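A.B. asks: Mind looking over this structure? Questions follow.
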Amino acid sequence: MAAAAVAPPEVLRECGCKGIRTCLICERQRGGDPPWQHPSQKTHRFIYYPDTGWAVGAEESDFEGWAFPFPGVTLIEDFVTREEEAEMVQLMDREPWKLSQSGRRKQDYGPKVNFRKQKLKMADFRGLPSFSREVVRRMGLYPILEDFQPVEQCNLDYCPERGSAIDPHLDDAWLWGERLVSLSLLAPTVLSMSREAPGSLLLCLAPSGFPEALADSAMAPSRSVPCQEVEVAVPLPRRSLVVLSGGARHQWQHAIHRRHVRARRVGVTFRELSAEFGPGGKQQELGQELLQMALSFQGRPTT
């Protein structure tokens, strides 16, 4: 792919916020003392280290030097080149962006879904965009993604001038499968992981020589912290690909806070089908139809 200049997006005067969701645009329009409240920050912050698979207490925190295993996160750095990144974003910007919640803009390539009623229809879905063909092919070169077949792609545009963010959430598990895959373009950010389940996390004291020594260590837990008070920060470098699976996919909510959007960033998320829509599932025929359409790579953003 040839290198291409990426123009900054226009700072919109309108927003797509609904209900309790807000962005800088609607907050300025409303003025005064806002009745809405942003989610409170978790009490205890841990940092995820991809080389070890452990989350370690942040410096100068109550749990500095304490750690716990955090499985289900795979980070692949420099997944695309600078030239590929520039061309992908340039092609995205040729298509319309739709206003979305919390200061984001989006482009959807997938079926029209009502998750509450568990219904979907093809609508004007004609496949993933052509520029994703090479991205999907490259995913298959990594063991964790060798059988990954995305059926949906969502491009999210984050901009600090709009106060873009996304609240903590779990992705649907009726339609979407075991792995969530997201590519970070234009700027780094932090994926913030949290749990609302009761119970505690058992911590170990990180050994000297961290993080290398931690990977091969088996230590007895000697401290605990309530799950609901913990947030794990997963740094996402520019042009990196992150895969969430297992507990990181189904038990830990993920979010991107406003303070971690310091420049325009485009997040490209790919989702696969759940077992219900796979071979032997109740809706395998519909799943096969969706998959064939997705992998035709002839799509434009759905309306």
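The values are calculated or read from the model by the stated rules, or taken from the named source; none is laboratory data. Since the structure is predicted, the reported quantities are computational estimates derived from the model, not experimental observations. The area values use the complete protein model at the heavy-atom level, side chains included, leaving out ligands, DNA and RNA. Shrake-Rupley method; radii C 1.70, N 1.55, O 1.52, S 1.80 Å.
A.B. asks: Once you've got the GNM for the chain with C-alpha springs shorter than 10 Å, pick whichever of PRO168, PRO160, PRO198 has the biggest mean-square fluctuation.
C.D. replies: Taking springs between Cα atoms under 10 Å, the residue moving most is PRO198.
A.B. asks: For segment 141-157, what does the Karplus curve 6.51 cos²θ - 1.76 cosθ + 1.60, with θ = phi - 60°, yield as ³J(HN,Hα) per residue in whole Hz, taken in order and with x for Gly and Pro?
C.D. replies: So the J values, rounded to whole Hz, are 7, 9, x, 5, 10, 5, 10, 7, 10, x, 10, 8, 9, 10, 9, 10, 9.
A.B. asks: Now for a different question. Need the full-extension length gain, ARG138 to ALA58, defined as separation in residues times 0.36 nm minus the C-alpha distance. One decimal, nm.
C.D. replies: In short, 25.4 nm is gained.
A.B. asks: While we're looking at this one, here's another question. If you plug each phi of segment 98-114 into the Karplus form 6.51 cos²θ - 1.76 cosθ + 1.60 with θ = phi - 60°, what whole-Hz ³J(HN,Hα) values come out, in order, with x for Gly and Pro?
C.D. replies: Working through the residues one at a time gives 9, 4, 9, 6, 6, x, 8, 10, 8, 9, 10, 10, x, x, 7, 10, 10 Hz.
A.B. asks: Identify which of LYS117, LYS282, LYS42 has the largest mean-square fluctuation in a Gaussian network model of the chain, with springs joining Cα atoms closer than 10 Å.
C.D. replies: For the chain, modelled as a Gaussian network with Cα springs under 10 Å, the answer is LYS117.
A.B. asks: Using modelled amide H (1.01 Å from N, peptide plane; none on Pro or chain starts), what sits under 5 Å from the amide H of SER240, excluding residues fewer than 5 places away?
C.D. replies: It is ASP78, PHE79, SER184, by chain and number.
A.B. asks: Still on this structure: Per residue of segment 123-139, in order, report the coupling 6.51 cos²θ - 1.76 cosθ + 1.60 (Karplus, θ = phi - 60°) as ³J(HN,Hα) in whole Hz, putting x for Gly and Pro.
C.D. replies: With the stated coefficients, segment 123-139 comes to 6, 9, 6, 10, x, 5, x, 4, 6, 8, 4, 5, 4, 5, 4, 5, 4 Hz.
A.B. asks: Given a 1.4 Å probe, how much area per residue of segment 120-170 is accessible, in Å²?
C.D. replies: Heavy-atom SASA per residue in segment 120-170 reads 42 Å².
A.B. asks: Given that just one value was derived from the coordinates, which of (1) 24.8, 86; (2) 21.3, 81; (3) 20.0, 57 is Rg and Dmax of the Cα atoms in Å?
C.D. replies: Given (1) 24.8, 86; (2) 21.3, 81; (3) 20.0, 57, the calculated one carries the label (3).
A.B. asks: Further, regarding this structure: Taking square-rooted eigenvalues a ≥ b ≥ c of the alpha carbon gyration tensor, is segment 31-186 rounded, prolate or oblate, where a/c under 1.5 means rounded and, failing that, a/b exceeding b/c means prolate?
C.D. replies: It is oblate, given that a/c is not under 1.5 and a/b is not larger than b/c.
A.B. asks: Full-extension gain between GLU95 and THR303, please, as 0.36 nm times their residue separation minus the C-alpha to C-alpha distance.
C.D. replies: Taking 0.36 nm per residue and subtracting the Cα distance, the gain is 73.7 nm.
A.B. asks: Turning to a different aspect of this structure: Using modelled amide H (1.01 Å from N, peptide plane; none on Pro or chain starts), what sits under 5 Å from the amide H of SER296, excluding residues fewer than 5 places away?
C.D. replies: Amide H to amide H, under 5 Å and 5 or more residues apart or across chains, SER296 pairs with LEU128.
A.B. asks: Show TYR142, TYR48 ordered by accessible area, largest first, where the area counts protein heavy atoms only and the probe is 1.4 Å.
C.D. replies: TYR142, TYR48
A.B. asks: Pull up all non-local amide H partners of ARG104: gap of 5 or more, or a different chain, and H-to-H distance under 5 Å with H placed in the peptide plane.
C.D. replies: Amide H to amide H, under 5 Å and 5 or more residues apart or across chains, ARG104 pairs with ALA165.
A.B. asks: Which of the three applies to segment 250-303, rounded, prolate or oblate, going by the alpha-carbon gyration tensor with a ≥ b ≥ c and a/c under 1.5 meaning rounded?
C.D. replies: Details: a/c = 4.35, a/b = 1.68, b/c = 2.59.
Judged from the Cα gyration tensor, segment 250-303 comes out oblate (a/c at least 1.5, b/c at or above a/b).
A.B. asks: Calculated from DSSP H runs of 4 or more alone, at -39500 (n - 2.57) each and per residue, what is the 222 nm mean residue ellipticity of the chain, nearest 500?
C.D. replies: Details: 6 runs with 46 residues, N = 303.
Mean residue ellipticity at 222 nm (helix-derived): -4000 deg cm²/dmol.
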